[in-house]
Amino acid sequence: MLIGLILLTHTTGSAAFVLFFFAIIVGVLLIAGGIMDLVNAFEAKPAFLAVLFGLSGLLSIIIGILFIVETLATFYAIIMLLGIYLLATGVILIIRAFYIWKTYKDYLYSKR
């Protein structure tokens, strides 16, 4: 609730503040999730599962610290990843549309 109030009062002043604050919040959440994964790594029974939890926790903590320290690079990374995602989704949707058209072409153009 406090975060919502801060964003609500500062959104009219500066969009850069909102993006900066968003990067900080995501960084803190990543660090918290990484700490939880590290705790789970020490409690996991199979060794392979413990290693996976440990690696996931360390990666989350490192990425969280990068989000907090390098906020400008974070913005560029988010924009690039979103662009790649949207491009890939567009290609997949076009391929799916051609597949659906090819599959149901006879049904659509048949005289009933």
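Once you have the Kirkwood Rh of the chain from its Cα pairs, apply Stokes-Einstein at 25 °C and 0.890 mPa s and quote D in µm²/s.
137
What's the local net charge at Phe53, with K and R +1, D and E -1, over the other residues with C-beta under 9 Å away?
-2
Expressed as a rounded percentage, what relative contact order does the chain have, with Cα pairs under 8 Å and six or more residues apart?
23
Calculated FRET efficiency, Tyr76 and Leu108, Cβ-Cβ r, R0 41 Å, to nearest 0.05?
My answer for the efficiency is 0.40.
Report, in degrees rounded to the nearest 10, the 0 to 90 angle that the Cα long axis of helix 71-109 makes with the longest principal axis of the chain.
The two axes meet at around 20 degrees.
Values quoted throughout were computed directly from the atomic coordinates according to the rules given, and no laboratory measurement underlies them. Quick caveat: nothing in here was measured; it's all calculated off a predicted structure. FYI the Cβ positions are ideal-geometry reconstructions off the backbone, even for glycines, and counts take in every protein chain you see.
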